[in-house]
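For reference, the structure is listed below as structure tokens.
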Protein chains: 4
Amino acid sequence: MKERYLSHPTKPIELFEGINCSELLERLESCSFQGRQLALAAKVWTNALDEDLTVWMGLAGAMVPAGMRKVIVQLMENRLVDVIVSTGANLYHDFFETVGYYHYLGSDMVDDRELREERIDRIYDTFADEDVFFAVDREIREWAMKTIEDRPYTTREFLRLLGEEAGRRSKGEKGILSTAAELDIPVYCPAIGDSSIGIALAEADRRLIFDMVGDVEETARMAAEKETMVIYVGGGTPKNFIQQTEVTNIVNNRKVSGHKYAVQFVVDPPHWGGLSGCTFEEAISWGKIATDAKMVTVLSDATIALPIVSAAVLTRRKGRKRPGKD
Amino acid sequence: MKERYLSHPTKPIELFEGINCSELLERLESCSFQGRQLALAAKVWTNALDEDLTVWMGLAGAMVPAGMRKVIVQLMENRLVDVIVSTGANLYHDFFETVGYYHYLGSDMVDDRELREERIDRIYDTFADEDVFFAVDREIREWAMKTIEDRPYTTREFLRLLGEEAGRRSKGEKGILSTAAELDIPVYCPAIGDSSIGIALAEADRRLIFDMVGDVEETARMAAEKETMVIYVGGGTPKNFIQQTEVTNIVNNRKVSGHKYAVQFVVDPPHWGGLSGCTFEEAISWGKIATDAKMVTVLSDATIALPIVSAAVLTRRKGRKRPGKD
Amino acid sequence: MKERYLSHPTKPIELFEGINCSELLERLESCSFQGRQLALAAKVWTNALDEDLTVWMGLAGAMVPAGMRKVIVQLMENRLVDVIVSTGANLYHDFFETVGYYHYLGSDMVDDRELREERIDRIYDTFADEDVFFAVDREIREWAMKTIEDRPYTTREFLRLLGEEAGRRSKGEKGILSTAAELDIPVYCPAIGDSSIGIALAEADRRLIFDMVGDVEETARMAAEKETMVIYVGGGTPKNFIQQTEVTNIVNNRKVSGHKYAVQFVVDPPHWGGLSGCTFEEAISWGKIATDAKMVTVLSDATIALPIVSAAVLTRRKGRKRPGKD
Amino acid sequence: MKERYLSHPTKPIELFEGINCSELLERLESCSFQGRQLALAAKVWTNALDEDLTVWMGLAGAMVPAGMRKVIVQLMENRLVDVIVSTGANLYHDFFETVGYYHYLGSDMVDDRELREERIDRIYDTFADEDVFFAVDREIREWAMKTIEDRPYTTREFLRLLGEEAGRRSKGEKGILSTAAELDIPVYCPAIGDSSIGIALAEADRRLIFDMVGDVEETARMAAEKETMVIYVGGGTPKNFIQQTEVTNIVNNRKVSGHKYAVQFVVDPPHWGGLSGCTFEEAISWGKIATDAKMVTVLSDATIALPIVSAAVLTRRKGRKRPGKD
């Protein structure tokens, strides 16, 4: 009996000069705690790509101001993700950077009252020029006024057009929205009003109407069509929105069995009871995750976990075609 | 010089038999760490009520399934909060409980595959009957089809009607939405599609359209009209949505100076860089919080912090009128 | 089958003016998340006192500078705890306050370089005068030189004498060590060198020798004599030291079955793999906790959890005798 | 003025196939949040090695059962660390693995009552055979009885001998203690009784006496001799013990100016007020850290942060001599 539990010894990790991210994670598979989870995340993601399924990525937290924009672009370009659901902030900042503006290295040990006077906005240890934000707000408003027609748009439709605009204005800089537009990758934003995009559109000459329920329907239908892998970078609305596609399908009597592969890089532990930190086990009870899903939770800041795991998956998959893609 | 720093000795808390929540928090003011913060939250909230301002409460996390519904109702009834911004989930579960359904005491140490078979949905340590959820989804869909007209609704308009319906169907049970409808307290839900309300409305005979930008405009205007206190129960979209009212006003050249009082009960620390855990200091750089605001952050599960602080504020304010209210 | 899981509806908490801590926790028992855990901690502690067992309390974190000294004194005076295992820091600060010195209300938003110049030491949001610390270091050193004999002392023996000294020097202020000495409550400190007590004794004229293994043996024997409840305020060495009493007994073929009741107020989640945050479930695998133990983990800052739970237990138990005590 | 804050744009990280850990961290230096901190940790550590100073490493948490033993051995072999202060558990498990026993890959989703029956001890997601633990306890006891003389030993002296024994018994497996003995690297354990080493020595035929104050003195003197870098893997007693060397020196009027370089990989945030999570800024107020120290805090599980940062430092420093070493 004892052997059942004691069958695989851990193998303490050994480093070598120039060890790459993929090699490091391979070795961490035989270690413990979140190091092992990080390694398993890369493994599950890599292996899932051998199957013909759709990879959904949820993006919460200030990932773009934190410098994760190009990693996500690379994931899209290499067909490692197929659908994106994001907070509005990430997409606003993505547009902002793609069209040529910058975030700046800052510090959290600073006098915010002085920043206020200088009109510098702080995102933890990162700064931005408020005046540029406001100029971009106005640009988005003006662009929307002349581009968006007088009918409800799903956020996917709206963001596709915004991505095309970003691409047009970009001087070589690649962004999430512009790349998504180029590669026909759908991007959703379930709380688009709750962001600088919402702010930009407020008090415009004409009211823009988003078809939120349309987003719900469309994503649910897409999730019913093909098996799914989900990758959550943070929790928030993106995680919940992708999770609920399966519930919507169950309510509407569509035959689904829950997401088949699931990886999350989160910082919330489950014991606060919120959706952001909830386990994939809990999600099984709802039918959101398949009962036999391969699932990995990594408790880590995504600015650590995402680049390393992406580097490993990119290294392992480079040049290989995905079934049903390309 | 030294005296400048060493002027107020801590006073170790001493208990007594039957000590009430207000008395306990009073004593904790002279202690340290999060205990002190909890005490200061009650103090700042209580004192702010002497001024003629609007108290905005953001509600994230599964607060209603966790048993916080009536506390929030009591806060509304006693005019301790004036506006509510919530996740869709809390409002769905509020409707669900108000019309007579139950959540159940459960456990997080359970076989979720077995729960799946039984169609029981788990929220950390709390259970609910999925079949009842689905029945309520259908009820909301049918109610909406016959009640909601064919025009965009702000979430406030929609939730007012849903609150009235909850009140009609309630057999004595008070809810957030029904009480808000009765007392004319506005309720907003910036990611309404991202919840069981969104699920309920998907695949209906007729598409319901929400006027998300209308919510943004309306809340910003309201925040410009009268000074504000903000209370965040968790982070998420509700916190961001209330915070951004001030930014919207700045962009649109309305004279605002940031929220004047600010209390938050959060579990996210600032070092992950996300909005949910960000400090009020950071918010000052954006103009969201006044440079001279009284502000308190309590790092604690809201199911601990909210009832205790609410009990203290209720005890201290009971029977007293608020300037400009009642 | 479904009924097995859905038997006890949650009961949303309702407050009233002047609600006391015991009443609040009673109501939180029917809610969820950490609020429920807090309530169960008070319940399990209260009920355990009906049995003839020894209550061990582990004290980690800067609980005394944080103002928790008198709560712990009250717990000892009311026979709600019987044995204490603490970090050295808490005991040093306890001595310091008992003999008449102060900690001061401070802030974590301060220039630490300025504090350094002023010789003010910061403990998060609490200040103390370094010169007074150094004076007390010298006092302890001198006291030890003339009091402690030239033989190994268990920390219990040493701390008993230090407690008596604190009592002698106190002008009415009660402390953990002085009260323990008075009431014959044993106090252990497994890392006594790792604190200002250790600093005070370094470079003395004579080397003081602690009998660390004696502490291990003595506590293990005590834990074998009578059934045990454990209460951990924070993790660290105190938690591990109390937990290992059962392992020591198993190794030495003493018949023990693990601690029978277990409550912990911790801030570390289990997923980092450390002992501080580990679950009581994990401890069952080691035999540290009884397989049928009543056990409650509360994820909360102890400066919130300890006073509230203590207030409830004090209120519920006041005046009642414990079996085998008094 | 604005330019003062907005001088260095972030540079979103871009990956490439086979990117190694050092290259990844280089790119993360221009990103934000904990990813940037991780990168800066590697940078500060690498650069500090150009100076003639002593690198102290504190080791808390179950790092050895988690598979970090060889990383630490490699750090010692490559002269990237010079002194080690550890919990007893890590050193016990190091001895255990070095002499040929194993930890096993396990899971935290397991029935601990079943493990109890099988006498399998769980460390989060890692298992070990309790019977082997007990055999090793007996071996250590017997070894100590015949090796350790009847006088107080500092933990350094004791652990040196235990390391030699581990080396003798090892069949090619390298451990922390055996490597330290071989390379003459001092290892301290301020809470040695609070671990399986303490358990092993309890109830022996002869009482072993540790000279804890000797450890305090010796480490303080060593820290006064040469400038210091400190690296904390977790908090706990090792962090506090290394931090207090400077305080001991100040109390004893030795001229020290605080640790000059400081890196910590911790999971505790500062707001709980404990030493484990406290900032290096706070440590400046005590004189533990130099006012002009280069210091980096990384909030991350050490099983993620330690291997990656070590890989980068190893890669960057390989083959280079350290001033004053070798």
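Quick look at the values:
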item: Test: A:Arg122 is more than 23 Å from A:Ser170 (Cα to Cα) and either modelled with pLDDT under 95 or touching a Leu at 6+ places or on another chain (Cβ under 7 Å) (or both); result: yes
item: Any hit, region D:49-58, residues being crowded, with 24+ Cβ neighbours inside 10 Å, within 12 Å of another protein chain (Cβ to nearest Cβ), modelled with pLDDT of 95 or more and farther than 20 Å from D:Arg169 by Cα; result: yes
item: In region A:17-39, residue nearest to D:Ser310 (Cα to Cα) [restricted to those that are surrounded by fewer than 20 Cβ atoms within 10 Å (Cβ to Cβ) and more than 8 Å from chain D (Cβ to nearest Cβ)]; result: A:Glu23
item: Test result for C:Lys321, charged (D, E, K, R) and under 20 Å from the mean Cα position of the chain (by Cα); result: no
item: Residue in region C:318-325 that is facing another protein chain (nearest Cβ under 10 Å), touching a Cys at 6+ places or on another chain (Cβ under 8 Å) and not hydrophobic (A, V, I, L, M, F, W, C) present; result: no
item: Boolean, D:Ala305 is within 14 Å of chain A (Cβ to nearest Cβ), surrounded by 22 or more Cβ atoms within 10 Å (Cβ to Cβ) and in contact with a helix residue (DSSP H, G or I) (Cβ under 8 Å, 6 or more places away or on another chain); result: yes
item: Residue satisfying condition, being of a type in the set (Gly, Ala, Ser), closer than 21 Å to A:Ala89 by Cβ and at pLDDT 95 or above, within set B:Ala290, B:Ala283, B:Ala312; result: B:Ala283
item: Subset of region B:291-326 [of a type in the set (S, T, N, Q) and within 22 Å of B:Val73 (Cβ to Cβ)]; result: B:Ser300, B:Thr303, B:Ser310, B:Thr315
item: Positions within region B:268-302 being small (Gly, Ala, Ser) and either in contact with a strand residue (DSSP E or B) (Cβ under 8 Å, 6 or more places away or on another chain) or surrounded by 24 or more Cβ atoms within 10 Å (Cβ to Cβ) (or both), in sequence order; result: B:Gly273, B:Gly274, B:Ser276, B:Gly277, B:Ala283, B:Ser285, B:Ala290, B:Ala293, B:Ser300, B:Ala302
item: Selected residue (criterion: nearest to B:Glu26 (Cα to Cα)) from residues of region B:257-288 that are in a strand (DSSP E or B) and more than 14 Å from chain C (Cβ to nearest Cβ); result: B:Val263
item: Conditions (1) surrounded by fewer than 24 Cβ atoms within 10 Å (Cβ to Cβ); (2) more than 9 Å from every other protein chain (Cβ to nearest Cβ): number failed by A:Gln74; result: (2)
item: Condition broken by A:Gly61, with the remaining ones in (1) at the interface with chain D (Cβ under 8 Å from one of its Cβ atoms); (2) on the phi > 0 side of the Ramachandran plot; (3) touching a residue at least 12 places away in the same chain (Cβ under 8 Å) satisfied; result: (1)
item: Qualifying helices (runs of 4 or more DSSP H) (wholly inside region D:131-235; at least 3 residues being facing another protein chain (nearest Cβ under 10 Å) and crowded, with 24+ Cβ neighbours inside 10 Å); result: D:196-201, D:212-225
item: Evaluation of C:Ile209 against (1) touching a helix residue (DSSP H, G or I) at 6+ places or on another chain (Cβ under 7 Å); (2) without any contact (Cβ under 8 Å) to a residue 60 or more places away in the chain (one fails), failing number; result: (1)
item: Where B:Val85 falls short, out of the listed (1) more than 22 Å from B:Glu139 (Cα to Cα); (2) within 8 Å of chain C (Cβ to nearest Cβ); (3) in contact (Cβ under 8 Å) with a residue 40 or more places away in the chain; result: (2)
item: Where a residue in region C:178-193 is within 16 Å of C:Asn78 (Cα to Cα) and its partner, wherever it lies, is β-branched (Val, Ile, Thr) and part of a helix (DSSP H, G or I), with Cβ under 8 Å and at least six apart; result: C:Ser178/C:Thr98; C:Thr179/C:Val73; C:Ile185/C:Thr179
item: Selected residue (criterion: farthest from D:Ser285 (Cα to Cα)) from residues of region C:102-130 that are small (Gly, Ala, Ser) and crowded, with 22+ Cβ neighbours inside 10 Å; result: C:Gly106
item: Filtered residue count, region C:100-130, keeping only those that are more than 7 Å from every other protein chain (Cβ to nearest Cβ) and within 23 Å of the chain's Cα centre (by Cα); result: 3
item: Meets criteria (more than 8 Å from chain D (Cβ to nearest Cβ) and out of contact with any Asp or Glu (no Cβ under 9 Å at 6 or more places or on another chain)) for A:Ala293; result: yes
item: Residue in region B:91-99 that is at pLDDT 95 or above, more than 11 Å from every other protein chain (Cβ to nearest Cβ) and surrounded by fewer than 23 Cβ atoms within 10 Å (Cβ to Cβ) present; result: yes
item: Test: residue in region C:96-117 that is under 22 Å from D:Thr237 (Cα atoms) and either among the small types (Gly, Ala, Ser) or in contact with a helix residue (DSSP H, G or I) (Cβ under 9 Å, 6 or more places away or on another chain) (or both); result: yes
item: Members of region D:236-267 found to be within 15 Å of D:Leu59 (Cα to Cα) and of a type in the set (Asp, Glu), listed by number; result: none
item: Residue list for region B:4-22, restricted to those being not charged (D, E, K, R) and not in a loop (DSSP other than H, G, I, E, B); result: B:Tyr5, B:Pro9, B:Asn20, B:Cys21, B:Ser22
item: Count - residues of region A:130-162 that are small (Gly, Ala, Ser) and free of Cβ contacts under 8 Å to residues at least 40 places away in the same chain; result: 1
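Here's the yes/no breakdown for (1) within 24 Å of D:Asp129 (Cβ to Cβ); (2) part of a strand (DSSP E or B):
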{"site": "D:Lys43", "(1), (2)": "no, no"}
{"site": "D:Met57", "(1), (2)": "no, yes"}
{"site": "D:Gly67", "(1), (2)": "yes, no"}
{"site": "D:Val73", "(1), (2)": "yes, no"}
{"site": "D:Phe95", "(1), (2)": "yes, no"}
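The values are calculated or read from the model by the stated rules, or taken from the named source; none is laboratory data. Since this is a predicted model, take the numbers as computed values, not measurements. Ideal geometry is used to build each Cβ from the backbone, glycine not excepted, and the neighbour counts take in all protein chains shown.
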